[in-house]
Amino acid sequence: MYRAADLSSQFSFSFLEDIVPLRRGPIRTSRLMWRIVRVLTYSLLLICPACHHGHMFRSRFRMNVRCPVCGIVFERSAGEFSGGMAINTIATSSVAVAGAALAFFTDVPVWTLIAVLTVISTAFAIWFYRHARALWAGILFLTGSMREE
Ligand SMILES: [Zn+2]
């Protein structure tokens, strides 16, 4: 039987030290949140979350393996590609569900709405592809996974 003290000793929050280097005392929440927002914003802008200068993509669908400026590896293995795909799927599904909600508030014929949502969802998924992969790379950077050798 586990007690609360046993469970708390199993979990470590040491990954937070990668997000905000600890000096002394507890992590200041505002500093941590600011860093998270800044890293994710740079990622959404397709700019390296580490140096804030290198471009993450060399073409529309090709991500740089390493940052051309600081050399950090954006995706260490091929499997990390799936994290970006999950983000893209969730975002695209959210757009489709929000569009489908229009059926309750408008008189648009259902088949017209389905056709329009199919086109919009497909276009959104293609457009958001780079941003989703870059956002996942930003999340990996925040958790310290990018810096592991
Ligand atoms: Zn960089």
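The values are calculated or read from the model by the stated rules, or taken from the named source; none is laboratory data. What you see is a predicted model; the values in this text were computed from it and never measured. Cβ coordinates were reconstructed from backbone atoms using ideal geometry, including for glycine residues, and neighbour counts include every protein chain displayed.
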If you take the residues in segment 69-93 that are in a loop (DSSP other than H, G, I, E, B) and away from the ligand (no atom under 13 Å from the Cβ), which one is nearest to residue 117 (Cα to Cα)? 75
Is segment 111-125 home to any residue that is assigned to a helix (DSSP H, G or I) and within 15 Å of the chain's Cα centre (by Cα)? yes
Filtering segment 43-52 down to residues that are near the ligand (Cβ under 9 Å from one of its atoms) and either modelled with pLDDT under 95 or part of a loop (DSSP other than H, G, I, E, B) (or both) yields 48, 49, 50, 51, 52
Among residues of segment 90-107 being surrounded by fewer than 12 Cβ atoms within 10 Å (Cβ to Cβ) and hydrophobic (A, V, I, L, M, F, W, C), the residue nearest to residue 126 (Cα to Cα) is 90
Kindly check whether there is at least one residue in segment 53-68 that is within 14 Å of the ligand (Cβ to nearest atom), among the aromatic types (Phe, Trp, Tyr) and not in a helix (DSSP H, G or I). yes
For residues that are closer than 24 Å to residue 125 by Cα and in contact with a Gly (Cβ under 8 Å, 6 or more places away or on another chain), tally how many sit in segment 45-76. 4
